[in-house]
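The values are calculated or read from the model by the stated rules, or taken from the named source; none is laboratory data. Since the structure is predicted, the reported quantities are computational estimates derived from the model, not experimental observations. Neighbour counts are summed over all protein chains in view; Cβ atoms, including those assigned to glycine, are modelled from backbone coordinates with ideal geometry. Ligands, DNA and RNA are stripped out before the accessible areas are found, and what is left, the full protein with its side chains, is counted by its heavy atoms. Shrake-Rupley method; radii C 1.70, N 1.55, O 1.52, S 1.80 Å.
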Amino acid sequence: MSLIAFAGRRLAQAIPVLLIITVAAFSVIHLVPGDPARVMLGSRATDEAVQVLREQLGLDKPLVTQYLDFLKAAMRLDFGDSLFQRTAIGPIVAARAVHSLALVAYAVLISLVIAVPLALLSAIRRNLLADHVVRALTTLAFCMPSFWTALLLVLLFSIRLKFFPTSGLGDSPLAYLASLTLPAVSIGLYLTPILLRSLRASLIQTLGAEFVEAARARGFGEARILFKHVLRNSLIAMLTILGINVGFLISGAVIVENVFSIPGLGSLMVAAIVQRDYPVIVALTLVFGVVVVAANFLVDLSYALLDPRIRQ
Amino acid sequence: MTARLGGLLALAASALFVAAPAQGEEGAPRKGGTLTMARDSEPLTLNPIGAGDNGSIFMIVQVFDTLVETADAPLPQSALATGWTVSDDAKTWTFALREGVKFSNGDPLTCDDVKFSIDRFADPKVNTSYGGFGAAIAQTECAGPSSFVVKLKAPQGAFLDYLSTFIPSIVPKALYEKMGDKAFSEKPVGSGPFMVKEWVRGQRLVLERNPYYWKNGQPYLDQIVVNYVPDENTRMLKVESDEAQIATEVPYAQIERVAALDHVDVQIENVMAWDAVWFNSRKAPFNDPQVIRALNYATPKEAMLKTLMHGAGDIANHVIARVKYWDPAVEAYPYDLAKAKEALAKSSAPQGFALSCLIVAGDQFELQQAQILQSEWAKIGVTMEIQAVDTGTIWTRWGSGDENCFTFTGAGLSSDALSDDNLAVVFFDFTGGIESFWTGWNNKDAIALVKEADGTIDEEKRKAAFHKLQRLAMAEYPAVPLFFIKARTAVSDKVKGFKTLPVKWWNLEDVWLAP
């Protein structure tokens, strides 16, 4: 099967999942005990105000109609207005999604750049000094709470060395990249040990495989064996873990977003929950669901690229 | 959280407040430069009607003008109105409008704009969250191009104070009607010292000088960049690294550290904010004033002030904030376990009792405060369970009338108006709408005093009524008042003329930057 056909099939499989996600997101507003409009407006709201909001949210229509309306609007990225920000949700979410995606992509890049070479080193020098040092350092990095790592990074690189701004987002592309660096490193330091451990384990397993011996017997150079045969065959487990974490990080990088004042999706979700901004919660539930599906789709595609047998 | 309480909360400055000297009175103000601020909250709307949170309010006041404005003084000062007269029956107010004022787009500000804005303020269907502030207004008219008349339904003691809030800000009628609520809320036009240049939600609001501003030579700054920096550590690092010259809400534990920095000072100023523990008097034993007294005596406020707040506060001798008619002579409850036990023995729960108290989840300060109360109250046989819940839940549950006790974050309760009236209605008038801040305190004398003060513009009568009310509340009200909160702002030594007003915001047109 060609890669495109494989991608098409996977995409088709994602459709029912996406539909279930829309039902779940739609339900958020209806799982509120009592009249959602009254809950949103608080106990002091007048009946008129509640009625206006009910109509605005379409809560007076039959459930199926409401769901279909919601689905149609969601396709156009129209999620209505935020109750607190008093403006359309679509643009707010879109602006924040850009920052969240940029941050996570940057963090993934950093962690791959660190994790892959170190995992190779660790696997080749298994149980030797280099391996122990790598494992100890990554365990340390993993154990540090991210707000703590973030503050240490700021103290060193922003206050002391003045390399990067302490927080906020820069305007020019270069300044933007600079302002995302420390947050991306904070997330990257959390992600690196996870990726490294899984890659190291599968590398060790692959290094002991018969086809590696066979390749050596055929006289291939160690570098070729390592990069072309061993690494390629060992990446799949790490990519799976990466996919899961990317989905999680897009929605869950709240602490790093707060420490660095980055307006991302995670902090928007927390604020929406605290403020009971239901339309925003609904929109984000849907967005996060789609992000997870998309991340898994990309992981599936990368499997197929790395291992053509999977396309069968 | 002035937001959720809606305009119900209004605080006033006391005449007795000693104004902190504004920084750097030395030298003449210098024009130009960009001030960068790191704020703990962000605006949600820039429309004066519909805003209710400090994030929005403190920015709105930079963009708009009001007829009278709040400044250092406990009385509203002339702003767009150069003067006013009031009729003998105290029901007709005539304002002389300042001539030659323009909005930041160059359009002249006319009496029509004033009438339009004040009518919106007075209409409870438009002004839904602060309806009470404008409710006394019966009718308005322009008696001439610069004479604006307001007729009240009945005399209202706090009328000028309410006019000095952000809500009756003067907006350009024609433009507002053309743009509509939503668009105007995003890109408003006012006659205040600054105008909105750029607003990126979740990140920053950029204000720039209004070239048409009427105050001579002001504002001094070309531009103000207000960054939203929710994390308190990061906010302090912003001033430390000089990326910002002002950072709001210095955490108590960092006051000394930040103040010790070479180029930064921490300004600690009186504001109309306070902290207390509230009880539900519909439930036994909180309907018994002896029980409340016992809890008050068992609360070590002095020690808490020293250890938790690093001295940046005052022990409260009132159930509400220190506002205009605050009486310093009223005594706060001292920490006295013997008296606490004595009061409890005389009460309806002589053996002590158990209660659960709601606090805001994730607020370390509130948790420590609650834990101290928990261990201290245990000494007189009162066992308290702490329930930390999110902000939305806290208001829903406290508003339901089924809870025993709740505290709200100290930065959360503050007044938007300069006199006691509004807080008095919210906290002491059971019939005022939310049953005495949902405590259920239904005291006929208190209700009568609130109405007596509200119904007259005679300063002496108002003062006497509020003084009586303060004594009554301290003796009977179901609360343990804790502290009058102070604003704590990290300010770079380059910044001159910066001052936090009692209403907690700042007149940034007075601020300038030293070279």
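Kindly indicate whether B:ALA424 is more than 18 Å from B:ASN287 (Cβ to Cβ), in a helix (DSSP H, G or I) and either hydroxyl-bearing (Ser, Thr, Tyr) or open to solvent by less than 10 Å² (accessible area, probe 1.4 Å) (or both). Talk me through it step by step, then tell me what you get.
Values: more than 18 Å from B:ASN287 (Cβ to Cβ): yes; in a helix (DSSP H, G or I): yes; either hydroxyl-bearing (Ser, Thr, Tyr) or open to solvent by less than 10 Å² (accessible area, probe 1.4 Å) (or both): yes.
When the stated conditions are applied, B:ALA424 passes them.
Scanning region B:72-85 for residues that are open to solvent by less than 20 Å² (accessible area, probe 1.4 Å) and under 23 Å from B:VAL271 (Cβ atoms) yields B:PRO76, B:ALA79. Scanning region B:449-489 for residues that are under 23 Å from B:GLN369 (Cβ atoms) and among the small types (Gly, Ala, Ser) yields B:ALA473, B:ALA479, B:ALA487.
State whether the residues of region B:237-252 include one that is among the aliphatic types (A, V, I, L, M), away from chain A (no Cβ under 12 Å) and closer than 30 Å to B:ASP119 by Cα. No: region B:237-252 contains no residue that is among the aliphatic types (A, V, I, L, M), away from chain A (no Cβ under 12 Å) and closer than 30 Å to B:ASP119 by Cα. Mind telling me which of the residues B:SER104, B:SER14 ends up being open to solvent by less than 20 Å² (accessible area, probe 1.4 Å), modelled with pLDDT of 95 or more and part of a loop (DSSP other than H, G, I, E, B)? Residue meeting the stated conditions: B:SER104.
If you go through region B:112-134 and keep only what is open to solvent by 60 Å² or more (accessible area, probe 1.4 Å) and not in a loop (DSSP other than H, G, I, E, B), you end up with B:ASP112, B:LYS115. Taking the numbered list (1) within 14 Å of chain A (Cβ to nearest Cβ); (2) closer than 26 Å to B:ASP40 by Cβ; (3) crowded, with 17+ Cβ neighbours inside 10 Å in turn, B:GLU186 passes all entries but (3). The set of residues in region B:386-414 that are in contact with a Leu (Cβ under 7 Å, 6 or more places away or on another chain) and under 26 Å from B:ASP336 (Cβ atoms) comprises B:ASN404, B:CYS405, B:PHE406. Would you mind stating whether B:THR94 is assigned to a strand (DSSP E or B) and without any contact (Cβ under 8 Å) to a residue 12 or more places away in the chain? No, not satisfied.
Does any residue of region B:171-180 turn out to be outside any strand (DSSP E or B), small (Gly, Ala, Ser), open to solvent by less than 40 Å² (accessible area, probe 1.4 Å) and within 14 Å of another protein chain (Cβ to nearest Cβ)? Walk me through it before giving the result.
We begin by selecting, within region B:171-180, every residue outside any strand (DSSP E or B); these are B:171-180.
Filter once more, keeping what is small (Gly, Ala, Ser): B:174, B:180.
Adding the requirement that they be open to solvent by less than 40 Å² (accessible area, probe 1.4 Å) leaves B:180.
Subsequent filtering for residues that are within 14 Å of another protein chain (Cβ to nearest Cβ) retains B:180.
Within region B:171-180, one or more residues are outside any strand (DSSP E or B), small (Gly, Ala, Ser), open to solvent by less than 40 Å² (accessible area, probe 1.4 Å) and within 14 Å of another protein chain (Cβ to nearest Cβ).
Within region B:364-393, if we keep just the residues that are within 14 Å of chain A (Cβ to nearest Cβ) and at pLDDT 85 or above, the residue that is farthest from B:SER436 (Cα to Cα) turns out to be B:GLN364.
In region B:309-325, how many are closer than 19 Å to B:TRP278 by Cβ and not basic (Lys, Arg)?
Going through region B:309-325, the residues closer than 19 Å to B:TRP278 by Cβ turn out to be B:313, B:315-323.
So of that shortlist, the ones also not basic (Lys, Arg) come out as B:313, B:315-321, B:323.
Number of matching residues: 9.
Taken over region A:63-102, the residue count meeting the criterion of being assigned to a helix (DSSP H, G or I), open to solvent by 50 Å² or more (accessible area, probe 1.4 Å), without any contact (Cβ under 8 Å) to a residue 60 or more places away in the chain and more than 10 Å from chain B (Cβ to nearest Cβ) is 9.
When residues in region A:53-79 are screened for being touching a Gly at 6+ places or on another chain (Cβ under 7 Å) and aromatic (Phe, Trp, Tyr), 1 of them pass.
Restricting region B:367-391 to residues that are over 14 Å from B:THR299 (Cα atoms) and out of contact with any helix residue (DSSP H, G or I) (no Cβ under 6 Å at 6 or more places or on another chain) leaves a set whose member that is most open to solvent (accessible area, probe 1.4 Å) is B:GLU385.
Look at B:ASN280 and say whether it is out of contact with any strand residue (DSSP E or B) (no Cβ under 6 Å at 6 or more places or on another chain) and more than 26 Å from B:ARG204 (Cα to Cα). Break it down into steps so the answer makes sense when it comes.
Details: out of contact with any strand residue (DSSP E or B) (no Cβ under 6 Å at 6 or more places or on another chain): yes; more than 26 Å from B:ARG204 (Cα to Cα): yes.
Against the criterion (out of contact with any strand residue (DSSP E or B) (no Cβ under 6 Å at 6 or more places or on another chain) and more than 26 Å from B:ARG204 (Cα to Cα)), B:ASN280 qualifies.
For B:ASP402, the conditions (1) surrounded by fewer than 24 Cβ atoms within 10 Å (Cβ to Cβ); (2) under 24 Å from B:ALA316 (Cα atoms); (3) modelled with pLDDT of 85 or more; (4) not aromatic (Phe, Trp, Tyr) are fulfilled apart from (2). Which one of these is assigned to a helix (DSSP H, G or I), open to solvent by less than 30 Å² (accessible area, probe 1.4 Å), more than 16 Å from A:SER111 (Cα to Cα) and more than 12 Å from chain B (Cβ to nearest Cβ): A:SER198, A:SER202, A:SER179? Exactly one residue qualifies, and that residue is A:SER202.
Could you say whether any residue in region B:96-105 is β-branched (Val, Ile, Thr) and closer than 23 Å to B:GLY497 by Cβ? Yes, region B:96-105 contains a residue that is β-branched (Val, Ile, Thr) and closer than 23 Å to B:GLY497 by Cβ. Out of all the residues in region A:120-138, is one or more aliphatic (A, V, I, L, M), open to solvent by less than 60 Å² (accessible area, probe 1.4 Å) and under 23 Å from the mean Cα position of the chain (by Cα)? There is no residue in region A:120-138 that is aliphatic (A, V, I, L, M), open to solvent by less than 60 Å² (accessible area, probe 1.4 Å) and under 23 Å from the mean Cα position of the chain (by Cα).
Where helices (runs of 4 or more DSSP H) sit wholly within region B:250-366, those with at least 3 residues that are touching a helix residue (DSSP H, G or I) at 6+ places or on another chain (Cβ under 7 Å) occupy B:289-297, B:337-346.
This table checks each residue for (1) open to solvent by 20 Å² or more (accessible area, probe 1.4 Å); (2) in contact with a Gly (Cβ under 6 Å, 6 or more places away or on another chain); (3) in the same structural domain as B:PHE406 (by TED's automatic domain parsing); (4) more than 30 Å from B:LEU373 (Cβ to Cβ).
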site: B:TRP199; (1), (2), (3), (4): yes, no, no, yes
site: B:TYR228; (1), (2), (3), (4): yes, no, no, yes
site: B:ASP242; (1), (2), (3), (4): yes, no, no, yes
site: B:ALA259; (1), (2), (3), (4): yes, no, no, no
site: B:ASP262; (1), (2), (3), (4): yes, no, no, yes
site: B:TRP278; (1), (2), (3), (4): no, no, yes, no
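Rundown of residues vs (1) open to solvent by 40 Å² or more (accessible area, probe 1.4 Å); (2) closer than 30 Å to B:ASP40 by Cβ; (3) within 14 Å of chain A (Cβ to nearest Cβ); (4) in contact with a His (Cβ under 8 Å, 6 or more places away or on another chain), yes/no style:
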residue: B:THR110; (1), (2), (3), (4): yes, no, no, no
residue: B:LYS151; (1), (2), (3), (4): yes, no, no, no
residue: B:SER164; (1), (2), (3), (4): no, yes, no, no
residue: B:SER169; (1), (2), (3), (4): no, yes, no, no
residue: B:ARG204; (1), (2), (3), (4): no, yes, yes, no
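Checked against (1) buried (at least 22 other Cβ atoms within 10 Å of the Cβ); (2) modelled with pLDDT of 95 or more; (3) under 30 Å from B:LEU75 (Cα atoms); (4) among the aliphatic types (A, V, I, L, M), B:VAL323 meets all criteria but (2). Scanning region A:147-158 for residues that are modelled with pLDDT of 90 or more, closer than 21 Å to B:VAL226 by Cα and surrounded by 15 or more Cβ atoms within 10 Å (Cβ to Cβ) turns up at least one hit.
Condition first: touching a Phe, Trp or Tyr at 6+ places or on another chain (Cβ under 7 Å) and either under 15 Å from B:VAL382 (Cβ atoms) or not assigned by TED's automatic domain parsing to the domain that holds B:TYR297 (or both). Now tell me which residues in region B:338-367 satisfy that. Matches in region B:338-367: B:LYS339, B:ALA340, B:ALA343, B:CYS357.
Of all residues in region B:405-415, how many are open to solvent by 20 Å² or more (accessible area, probe 1.4 Å) and within 13 Å of chain A (Cβ to nearest Cβ)?
Keep residues of region B:405-415 that are open to solvent by 20 Å² or more (accessible area, probe 1.4 Å), which gives B:409, B:411.
Adding the requirement that they be within 13 Å of chain A (Cβ to nearest Cβ) leaves B:409.
Residues that pass the stated criteria total 1.
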